[in-house]
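Here is the structure we will look at.
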Amino acid sequence: MSSARRLVPLEEHHRDPASALHPNSPWVRAVRLLVGAFVLAALVQKTYDATLPGNDVDSFQLYSEFTVQANLGLGFLLIGSAAWPAARLPRWWDHLFGAFVLYLVMTGLIYIVLVAPPEEPWWSWDLYWPQMAHHRLAPLYVVFDWLLVSRMGRGPWWRPLAWLAYPVAFLIFSWVRGSIDGWYVYDFLDPTLEGGWPAALASIAQVLAAFLVVAALVHLAGNARAALALRHPRH
């Protein structure tokens, strides 16, 4: 006899140490709230810094950065996940959460590989605190959240491709903007630097390939955690 699958109730979420943690757990919601608030506070600090004389970027340029956009979305997503119980969130919420897991993981990786100063060790947390929040803490936190906290359902096979829509749109926007005012948000996107368009396109091809691979891994991990949160009740 078949039975409907359901999320493991809150009172059972520690019963099996191999099971994912329930999203309604008070401490899970508290941690999400704290991390989300910290990420947004770091963004407030960056916004203030952008208004100071001699800063590298102005406020509009700041909010043109992938890092800033991704962390802004993640901050509100974590606070929303903390504010409402899982049953009250829309069915697409986990898919959106997975998208931001991808974006933050890639933010951390791209910063280490392409953006960070050469003398900065990849393992160092000794950064200006907003940089630490956005390039170290947020990427690391979302990985643990995605792997440990119960997912509400499995994603379709095409979910990783849907997640790539925003990075591709960001890429197009960055090139269009750069062609208009000459400012490119990241050097590896800038076709006016040494190597021209061939170098820029080669870098972008590698970045998009990395996005696709990481998207597939995030998708598979999310589906695995969704499977852990489902069970068949006994009869």
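The values are calculated or read from the model by the stated rules, or taken from the named source; none is laboratory data. Everything numeric here is computed off the predicted structure, so don't read it as measured data. Don't worry about glycine lacking a Cβ; one is built from the backbone with ideal geometry, like all the others, and counts go over all protein chains shown.
Please tell me if SER179 is under 25 Å from LYS46 (Cα atoms), of a type in the set (S, T, N, Q) and out of contact with any Leu (no Cβ under 9 Å at 6 or more places or on another chain). When the stated conditions are applied, SER179 does not pass them. In the set ALA42, ALA70, ALA116, ALA138, only one residue is closer than 23 Å to PRO167 by Cβ and in contact with a Phe, Trp or Tyr (Cβ under 6 Å, 6 or more places away or on another chain); that residue is ALA70. All of (1) in contact with a helix residue (DSSP H, G or I) (Cβ under 6 Å, 6 or more places away or on another chain); (2) outside any helix (DSSP H, G or I) hold for PRO121 with one exception: (1). Selection of helices (runs of 4 or more DSSP H) fully inside the range 126-235 by the criterion of at least 3 residues being more than 21 Å from VAL39 (Cα to Cα) returns 159-163, 165-181, 196-228. Annotation note: of ALA209, ALA200, ALA215, ALA205, the sole residue that is within 21 Å of GLY108 (Cβ to Cβ) and in contact with a helix residue (DSSP H, G or I) (Cβ under 8 Å, 6 or more places away or on another chain) is ALA215. Return yes when TYR166 is under 17 Å from VAL115 (Cβ atoms) and crowded, with 17+ Cβ neighbours inside 10 Å and no when it is not. In short, no. Restricting attention to the range 1-53 and to residues that are hydroxyl-bearing (Ser, Thr, Tyr) and outside any helix (DSSP H, G or I), the residue that is modelled with the highest pLDDT turns out to be THR51. Cβ-Cβ distances below 9 Å connect the following pairs, each with a first residue in the range 153-182 that is under 14 Å from TRP92 (Cα atoms), a second residue that is outside any loop (DSSP other than H, G, I, E, B) and of a type in the set (D, E, K, R), and a separation of six or more residues or different chains: GLY153/ASP94; GLY155/ASP94. For the structure I just gave you, tell me whether SER59 is buried (at least 20 other Cβ atoms within 10 Å of the Cβ) and free of Cβ contacts under 8 Å to residues at least 60 places away in the same chain. No; evaluated as a whole, the condition is false for this residue.
For the range 139-154, state whether one or more residues are modelled with pLDDT of 95 or more and small (Gly, Ala, Ser). Checked against the condition, which is being modelled with pLDDT of 95 or more and small (Gly, Ala, Ser), the range 139-154 yields no hits at all.
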